[in-house]
Amino acid sequence: MLMKTNNRNIVIIGAGMAGCKLAQSLVESGRPDIQVTLIGEEAKAGYNRIMLSPLLAKEITTKQINFVDMTALCSQGLRLITNDPAVQVSYKLKQIILASGVEVAFDEVVFATGSRASQLAQFPENIGNIHGFRNLNDVSILENINNDAQVVVIGGGLLGLEAAVGLVKRGLNVSLVHRAGHILNRQLDVAAAELLQAHLEALGIKFFLGHSPSKLTHEFAQDKKIVTGVTLEDGTHIECNTVVLATGITPEVSLAKSSGLLTKKAIVVNEYLQTSKAHTYAIGECTEFNGQTFGLVDPIWKQLEVLVSWLLNAKGAPSNQNPKFKIEHSPTKLKVSGVNLYSVGDIGKATDKNSIVLVDRTNSEYRKIIIDNGVIVAAILYGNISDGPWYFSLIQTKANVSHLMRNLIFGEAYCNSESVINHAA
Amino acid sequence: MNKPLNNCSTKTTCPYCGVGCGVEVSAKAVLSEVQVTAKGDASHPANFGKLCVKGSNLLQTLTPQGRLTQPFIQGKPVEWNEAIHTIAGKIKDVIAKHGPDAFAFYLSGQLLTEDYYVANKLAKGFIGTANVDTNSRLCMASAVVGYKRAFGSDTVPCNYEDLEQCDLLIMVGSNAAWTHPVLYQRIVAAKKNNPAMKVVVIDPRKTASCDVADLHLAISPGSDAALFNYLLNETDQNNALNIGYVKSNTEGFDQALEQAKPWTEQATASFCGVSEQELQCLSQWWCSTPKTVTLFSQGINQSATGVDKSNAIINCHLATGRIGQVGMGPFSITGQPNAMGGREVGGLANQLAAHMDFTTLGAIDRVKRYWQAPKMATQNGLKAVDLFKAIEAGDVKIVWIMATNPVVSLPDSAQVRRALKKCDLVIVSECYDKTDTTELADVLLPATGWSEKNGTVTNSERRISRQHSFEAPKGEAKHDWQAICDVAIAMGYSSEFSYQGVHEIFAEHAGLSAFENNGTRDFDIGHFSQISEKTYNEMKPVQWPVPIGKPEGTERMFENGQFFTHSGRANFVPINPQKPAEKLSNEFPLTLNTGRIRDQWHTMTRTGRTSKLMGHIEQPFIDISPQDAAHLSIVQLQIVEVVSQLGSVKLRANIRSTQKKGQVFAPIHWTDQFANNAVISNLINATVDPLSGQPESKFAQVVIRPVEKLLYGYCISQKKLNFDDAAYWCHVTLEQGAHTEFALQEASATSTELFEKAKSLLSAKNVDIEAGEWLVYSNPIENVARFSFVKDDVLIAAFYFAQHPMLPSTHWLREMVTSQSKIEQHQRLGLLAGKPSNGVDHGRIVCSCFNVGENQINDALEQGVKNLADLTRSLKCGSNCGSCLPELSDIIDSKTIEHA
């Protein structure tokens, strides 16, 4: 058992992006009374999960994927445990037991267990050539498949697209299957999605949209089930020898559940990121707040601010002094294969009557702004996203843009120099 | 342009307004190209090297597109010979059956004196009709009659130097800043040199000419005569009469003063709608300033009582003896380059020839002998308005229209159209194949244009100048005098109409002016009656009279106080001021005034050919006061329907703070060739002055209705597209490509529907709409939709639609279409926004010479430029022709107010 000291022991379970960043904030606060311990199941901690695709495509190196400098943190006092997942939390003993049997004492514990690639219920288990695309291990598996492999990526969200791009850039034959009618359907409208799809098709990715896979065909090789193809609901059959599952993420809550935390879709937290258990907090993709779970970094960094403030400053019960976490429409900034995308607000509110649209296909430029009662409620930018933050600020401040309406779609520079001319004398 | 005839410089005169500026056209061989340039003739006494914006752009109007280059009969091309014989045969036939008055000429102040002379001679001496009238009827006929009543002759007493030498200049019914820009600039310069000089502008509107005014009297439309009766009365009251002059040199003073007596300050202020203080100021200046010139123009002449107004002015000058001396006189300035030349040959229905009338004792016989004419007309013919009525009535069966566009310019255009449709034979001599009038021609004759013509013109100060050709005639184009002579010869008058050259016509004309004259007639240019071709070609500008023995001509008339009346004294005419004929009513509550804009000439057949002159004002508009606009719920640039008893037009509303409540103003220029329904004459009653026959073109009672539920827009494209089904359209000339402004009835069209419309408009002109890229912007919240079609990075067409009439500036898009330049990556958003975000938009062009736009001017002002001189120095705007100087001052003033 690791030594218990007189310091407050804050233990973070999960060394993904949220956990590492939290550890960094706490350690760099320089507080002598706090001892931070970070427990990770992967061999490597502190890397940027968002960069897996360029890593797979060999556009960046493993060094460049580093996100938090763990070596520096350790020298500042962080206790880092890798390759050894936590398996049990004992509130009675105030300790956490790792898979290796090691016990880690805590005063306060933060769940940052993240999420896993969702599995498709209708698929048989124990298949050798179905992979996720969530971590460095997945990347190293995919890096090692044959150059002539036929890959089917299931899921046309960000993760699936990134996997597909990474694979196709390695020279593999990639098909992407997505159940919605257009890719990135939570972030993009049809028009923007079509532009992106055309761009990705030009890279060589083949798309099968609007249908879920209904079954996998397989054979046995060396006593292992091996997938040989994917059949879609409409009967289309795609032959393959590798499947990448990217149908979404499922919050990892098994440890929280067994530890007695209240969970629904994920670990339920309040506005201070407190869970149902005293001295227990959660952050990141494993959390659920007001019924909502999180998959993008922006709200998680907001959570981080709140939690850091709480952990560093809390005295007893929360007061008004403590920052609170609230859900905001934070913008989704994506870069898929060099194409910039910016999506903010509730794009589901778009109708023919309330959407200002600009299309320049050849120039790969697309903009859509959705207006409700003179106020921007959502925006999608494709290609040139430089005006994204400006639209975002207008959404946040609920500014009335009626007077800018004619030039709004052209961005801030145009709106600032609006001039209409009088044709007559 | 064709290759110039000679590789040197040609001195000629400008074909636009009555100032008659000298133009020097130079051709220079540069490598294999011949570069032709035109600039003001520094030696010409009218302009001393200056040119206005229209004159500066003369060469740009000489494009071959749309030139008429061969004769047509009923739309079929024919040889000249066939056309001439058809015309001659038909004239002989018709006059044999119906008498000589079944034939008529309708001529133009654009013609040269020699063209005019042979037309007048053929009609009045050989066909035997005085049905020779001209568009000058619309311009200065009232001034002619006014002069004749007062002086016994149609004599302009003054010259341009008088405008510079006077201490008080009263401009009445003249917006010289826009209509006679070079003369106006001379006035501005004179005022600068003589700070004591006062300028009074009398005009219902605050025009650009008010820029130089010390006093602007914004009188009620048509109330001018009362103002001059008031001045006559004041002259008497303030002991400012020149009693000696009145006694020795005039007649009828007492009756005229008697009529003027009731015009007290109070009565006049009420009649004219100005304050008593303003009248006092005018009176004080008038009574105390001997050197006074009254400059008047169409605002006086185009009235049902235009002659009386002229005489009300002249009365004041006679009462003070302010005539015939330096810096004094009643000065009628003509609109057209050769209205004066037409008057000199007698090319009007109420004149015979050479300043002789049918009523002049012995004149008919004298002219008959001089011409050796077989068939003299013996009495006045039909004046323009009556002429077209007689055509409709079937009394006149042949009309030969030359160098004018009566379907646009005469009042009650619908009647003119009906008349020409009904007429047996409409002959139209024109330079251009498509005008509103050529569309109604039976025989279309290709005429030579300005650059191809030789002859003389007379400007507003009686100065005869040579016009020289510097290009060969285009195609089969023929000089008008030649076409007339050919017809006369075909009719059997070969010895009387066989001229070896145009100089022979001029010599004959000069000979007639001197024939049995002996000082009895003002117009005498006998010095030229034997002129040789060589001397004619070397002729320098000279002011008539130029009698034998006085080759230097005559600067000023009536210096000796002798006039051409029987008694030798000038006549006062008692004046009873009248308001315009058409009365205000509830049904037509607004008073329409008409006029010109700075950069267009008449019906735009020439000035409408260059984008440089279109840049100033692009579309037909109506000025309306903010109060009337608010009352009628009209927004800026909205299309409005302007309706009079006679007809209606559709124009852009231009809400102007300087426009008086109850009054509106529209420019006269737009024709069916440029806009679908903007011919202002459609609204104008054919009411004429009973003495001069001049129509009251500056006055109509109208009602204005905003046209609702329109979708506004424009299209800028490589090819001109067809917007015939639009509620409103107007073509704006570009050097390359086409710009159409429009308003569609489909106010509720969706973006998708408009996209289809844009595609079908392009497809209709055989543009492959699949062979390029479409950029799309749709904004359903404001009903804005824009589509740009690009091929190989070049803009093919941009369609902008919006519910609101305020659209983005067209300047950058036009530049892209005209230059066909490659659209850069960073400019693409501009194809839908109207300009690239980092590009410079110069805004609406104010200075056409240097292409300086409103935005540049505003920028310069923002950067601390304080006055006109600095502005001109920094941007060059206004430093060439100066036509835009008033507007520049306005902009500076409005900025100063904003910052105050």
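Taking the stretch B:786-807, which residues are under 18 Å from B:Trp729 (Cα atoms), of a type in the set (Gly, Ala, Ser) and modelled with pLDDT of 95 or more? Answer for the stretch B:786-807, where residues must be under 18 Å from B:Trp729 (Cα atoms), of a type in the set (Gly, Ala, Ser) and modelled with pLDDT of 95 or more: B:Ala797, B:Ala798.
Out of B:Leu279, B:Leu231, B:Leu295, which single residue is of a type in the set (A, V, I, L, M), under 24 Å from B:Phe563 (Cβ atoms), touching a Phe, Trp or Tyr at 6+ places or on another chain (Cβ under 8 Å) and part of a helix (DSSP H, G or I)? Answer to the check: B:Leu231. Of the residues that sit in the stretch A:345-356 and are of a type in the set (A, V, I, L, M, F, W, C) and over 17 Å from A:Gly157 (Cβ atoms), which one is modelled with the lowest pLDDT? Among them, the one singled out is A:Ala350. Scanning the stretch B:673-711 for residues that are in contact with a helix residue (DSSP H, G or I) (Cβ under 9 Å, 6 or more places away or on another chain), part of a loop (DSSP other than H, G, I, E, B), open to solvent by less than 30 Å² (accessible area, probe 1.4 Å) and under 16 Å from B:Gly299 (Cα atoms) gives B:Ile684, B:Asp689, B:Ser692, B:Gly693, B:Gln694, B:Glu696, B:Ser697.
If a residue must be open to solvent by 60 Å² or more (accessible area, probe 1.4 Å) and either part of a strand (DSSP E or B) or basic (Lys, Arg) (or both), how many such residues does the stretch A:250-279 contain? Looking only at that region, the number is 5.
The set of residues in the stretch B:382-415 being part of a loop (DSSP other than H, G, I, E, B), over 24 Å from B:Ala678 (Cα atoms) and touching a strand residue (DSSP E or B) at 6+ places or on another chain (Cβ under 6 Å) consists of B:Lys383, B:Val396.
Answer with yes or no whether B:Ala83 is more than 30 Å from B:Thr179 (Cβ to Cβ) and part of a helix (DSSP H, G or I). Criteria met by B:Ala83. The number of residues in the stretch B:732-748 that are within 13 Å of another protein chain (Cβ to nearest Cβ) and either within 12 Å of B:Ile796 (Cα to Cα) or not charged (D, E, K, R) (or both) comes to 6. Assess whether B:Ser879 counts as being modelled with pLDDT under 85, within 14 Å of chain A (Cβ to nearest Cβ) and within 18 Å of B:Ala208 (Cα to Cα). Spelling it out, it is not the case that B:Ser879 is modelled with pLDDT under 85, within 14 Å of chain A (Cβ to nearest Cβ) and within 18 Å of B:Ala208 (Cα to Cα).
Checked against the criteria, B:Ala414 counts as closer than 15 Å to B:Asp436 by Cβ and open to solvent by 20 Å² or more (accessible area, probe 1.4 Å).
So which residues in the stretch B:606-621 are within 13 Å of another protein chain (Cβ to nearest Cβ) and either more than 30 Å from B:Thr63 (Cβ to Cβ) or assigned to a helix (DSSP H, G or I) (or both), if there are any at all? I'd like the intermediate steps shown before the answer.
Pass one, the stretch B:606-621, residues within 13 Å of another protein chain (Cβ to nearest Cβ): B:614-621.
Correct list: B:Met614 only.
Only a single criterion out of (1) acidic (Asp, Glu); (2) open to solvent by less than 60 Å² (accessible area, probe 1.4 Å); (3) farther than 27 Å from A:Ala256 by Cα is not satisfied by A:Asp148, namely (2). For first residues located in the stretch A:342-368 and farther than 21 Å from A:Arg406 by Cα and facing another protein chain (nearest Cβ under 7 Å), partners that are assigned to a strand (DSSP E or B) and open to solvent by 20 Å² or more (accessible area, probe 1.4 Å) and lie 6+ apart or on another chain with Cβ distances below 6 Å form the pairs A:Thr362/B:Glu773. Which residues, taken from the stretch B:767-796, are more than 11 Å from chain A (Cβ to nearest Cβ) and either under 29 Å from A:Ile371 (Cα atoms) or part of a helix (DSSP H, G or I) (or both)? Within the stretch B:767-796, B:Phe789 is the sole residue that qualifies. Just the residues that are within 19 Å of A:Gln24 (Cα to Cα) and open to solvent by 50 Å² or more (accessible area, probe 1.4 Å), please, taken from the stretch A:298-328. A:Trp301, A:Lys302, A:Glu305, A:Asn313 - these are the residues of the stretch A:298-328 that are within 19 Å of A:Gln24 (Cα to Cα) and open to solvent by 50 Å² or more (accessible area, probe 1.4 Å).
Taken over the stretch A:46-95, the criterion of being within 19 Å of the chain's Cα centre (by Cα) and on the phi > 0 side of the Ramachandran plot is satisfied by A:Gly46 alone.
Filtering B:Glu508, B:Glu516, B:Glu496 for residues that are open to solvent by 50 Å² or more (accessible area, probe 1.4 Å) and more than 24 Å from B:Cys139 (Cβ to Cβ) leaves a single hit, B:Glu516.
Taking B:Lys757, is it assigned to a loop (DSSP other than H, G, I, E, B) and either open to solvent by less than 30 Å² (accessible area, probe 1.4 Å) or more than 10 Å from chain A (Cβ to nearest Cβ) (or both)? No: the conditions fail for B:Lys757.
If you go through the stretch B:221-244 and keep only what is out of contact with any helix residue (DSSP H, G or I) (no Cβ under 6 Å at 6 or more places or on another chain), at negative phi and open to solvent by less than 30 Å² (accessible area, probe 1.4 Å), you end up with just B:Pro221.
From the list B:Ser717, B:Ser692, B:Ser681, B:Ser697, the one residue that fits, being among the polar types (S, T, N, Q) and over 30 Å from the mean Cα position of the chain (by Cα), is B:Ser717.
Just to be sure before I move on: is B:Glu533 charged (D, E, K, R) and in contact with a Gly (Cβ under 6 Å, 6 or more places away or on another chain) in the structure I sent?
Values: charged (D, E, K, R): yes; in contact with a Gly (Cβ under 6 Å, 6 or more places away or on another chain): yes.
So B:Glu533 fits the description; yes.
Among residues that are within 14 Å of chain B (Cβ to nearest Cβ), under 24 Å from the mean Cα position of the chain (by Cα) and of a type outside the set (Ser, Thr, Tyr), A:Asp387 is included. The strands (runs of 3 or more DSSP E) found entirely in the stretch A:325-417 that carry 2 or more residues being closer than 23 Å to B:Glu782 by Cβ are A:339-345, A:355-360, A:365-372, A:375-382. For the stretch B:61-80, does any single residue satisfy the condition of being open to solvent by 30 Å² or more (accessible area, probe 1.4 Å) and either in contact with a His (Cβ under 7 Å, 6 or more places away or on another chain) or assigned to a helix (DSSP H, G or I) (or both)? Looking for residues that are open to solvent by 30 Å² or more (accessible area, probe 1.4 Å) and either in contact with a His (Cβ under 7 Å, 6 or more places away or on another chain) or assigned to a helix (DSSP H, G or I) (or both), one finds none in the stretch B:61-80, hence no.
Return a yes/no flag: does the stretch A:280-291 have any residue that is more than 14 Å from chain B (Cβ to nearest Cβ), within 28 Å of A:Ala57 (Cα to Cα) and either open to solvent by 20 Å² or more (accessible area, probe 1.4 Å) or under 24 Å from the mean Cα position of the chain (by Cα) (or both). Give the steps one after another, and end with the answer.
In the first step, residues of the stretch A:280-291 are kept if they are more than 14 Å from chain B (Cβ to nearest Cβ); the result is A:280-291.
Filter once more, keeping what is within 28 Å of A:Ala57 (Cα to Cα): A:284-285.
Of the ones still in play, those that are also either open to solvent by 20 Å² or more (accessible area, probe 1.4 Å) or under 24 Å from the mean Cα position of the chain (by Cα) (or both) are A:284-285.
Yes, the stretch A:280-291 contains a residue that is more than 14 Å from chain B (Cβ to nearest Cβ), within 28 Å of A:Ala57 (Cα to Cα) and either open to solvent by 20 Å² or more (accessible area, probe 1.4 Å) or under 24 Å from the mean Cα position of the chain (by Cα) (or both).
Taken across the stretch A:120-130, residues that are under 30 Å from A:Tyr382 (Cβ atoms), at pLDDT below 95 and not aliphatic (A, V, I, L, M) do not occur at all. Restricting the search to helices (runs of 4 or more DSSP H) fully inside the stretch B:92-191 and requiring at least 3 residues that are open to solvent by 10 Å² or more (accessible area, probe 1.4 Å) gives B:141-151, B:160-165. The sole residue among B:Ser429, B:Ser451, B:Ser460 that is of a type in the set (Ser, Thr, Tyr), over 24 Å from B:Lys121 (Cβ atoms) and not in a loop (DSSP other than H, G, I, E, B) is B:Ser451.
The values are calculated or read from the model by the stated rules, or taken from the named source; none is laboratory data. Computed from a prediction, not measured in an experiment: that's the story for all the values here. Neighbour counts are summed over all protein chains in view; Cβ atoms, including those assigned to glycine, are modelled from backbone coordinates with ideal geometry. Surface accessibility is based on the protein's heavy atoms, side chains included, excluding ligands, DNA and RNA. Shrake-Rupley method; radii C 1.70, N 1.55, O 1.52, S 1.80 Å.
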